[in-house]
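Okay, structure first, notes after.
The values are calculated or read from the model by the stated rules, or taken from the named source; none is laboratory data. All values reported here derive from a predicted model rather than from experimental measurement. For neighbour counting, all protein chains shown are included, and Cβ atoms are generated from backbone atoms with ideal geometry for every residue, glycine included.
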Amino acid sequence: MDMEWLVRLAADGLMIPIIGIALYALIVLAPRQPVRMRYDRYTRVFMAGLMSYWCAKVIGALWQPEVLRPFERLGSEAGALYLNNPGFPSDHALFAMFLTIAVWYVTRRRWLSLVLLVMTIIVCIGRVIALVHTPLDVVGGVTIAGIGAIWYAPSWQKLRPRLAKIAKR
């Protein structure tokens, strides 16, 4: 019974502190900057989140490596919460990693980002141990969160004004 509780805590419960810490960091620990600069950072975070989620849904619709989740294949009970779908990519892994990257981008606090990264890894491991995801599902979620982080890249900042000029034509 204690092991089940620990797995459920790692797979699901740890998301609550990850979200709480991320919100605190993004709102309170974000450097005080002029409104325009803060707007730019929060817009990038928002767009990275949308991009990650959109990519996850498109990739998941086009490719599912497994039809059944691990607990279904084994004929057992799920050890954590899950949606009724094949499971690729892991939404928990995607969201936790997205928040970790967003906190690093906005605050540049390495220690806090490292704490969130460790918590994200524990969630990912918990999702696999709970048999609701395969390792590929959680790696897919983490990778797709990284794809969304393209919005944070400095080269994108240089490209954006050019795209705006093209759009005005």
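For the range 14-35, filtered to residues that are in contact (Cβ under 8 Å) with a residue 24 or more places away in the chain, in a loop (DSSP other than H, G, I, E, B) and more than 16 Å from the chain's Cα centre (by Cα), the residue that is surrounded by the most Cβ atoms within 10 Å (Cβ to Cβ) is 30. Among the residues of the range 80-134, those that are closer than 15 Å to residue 64 by Cβ and modelled with pLDDT of 95 or more comprise 88, 89, 90, 91, 132, 133, 134.
Considering the conditions (1) under 13 Å from residue 11 (Cβ atoms); (2) buried (at least 21 other Cβ atoms within 10 Å of the Cβ); (3) not hydroxyl-bearing (Ser, Thr, Tyr), residue 81 is excluded by exactly one of them, (2). The helices (runs of 4 or more DSSP H) found wholly in the range 54-169 and carrying at least 3 residues that are among the charged types (D, E, K, R) and either at positive phi or without any contact (Cβ under 8 Å) to a residue 40 or more places away in the chain (or both) occupy 154-168.
So which of 48, 11 is in a helix (DSSP H, G or I), of a type in the set (Gly, Ala, Ser) and within 18 Å of residue 108 (Cβ to Cβ)?
Checking each option against the conditions leaves just 48.
State all residues of the range 135-148 that are modelled with pLDDT under 95 and either under 22 Å from residue 68 (Cβ atoms) or surrounded by fewer than 20 Cβ atoms within 10 Å (Cβ to Cβ) (or both); if no residue qualifies, say none.
146, 147
Exactly one residue out of 120, 107 is crowded, with 21+ Cβ neighbours inside 10 Å and either closer than 26 Å to residue 2 by Cα or in contact with a helix residue (DSSP H, G or I) (Cβ under 9 Å, 6 or more places away or on another chain) (or both): that is 120. If you go through the range 36-73 and keep only what is surrounded by fewer than 16 Cβ atoms within 10 Å (Cβ to Cβ) and among the hydroxyl-bearing types (Ser, Thr, Tyr), you end up with 39, 42, 43.
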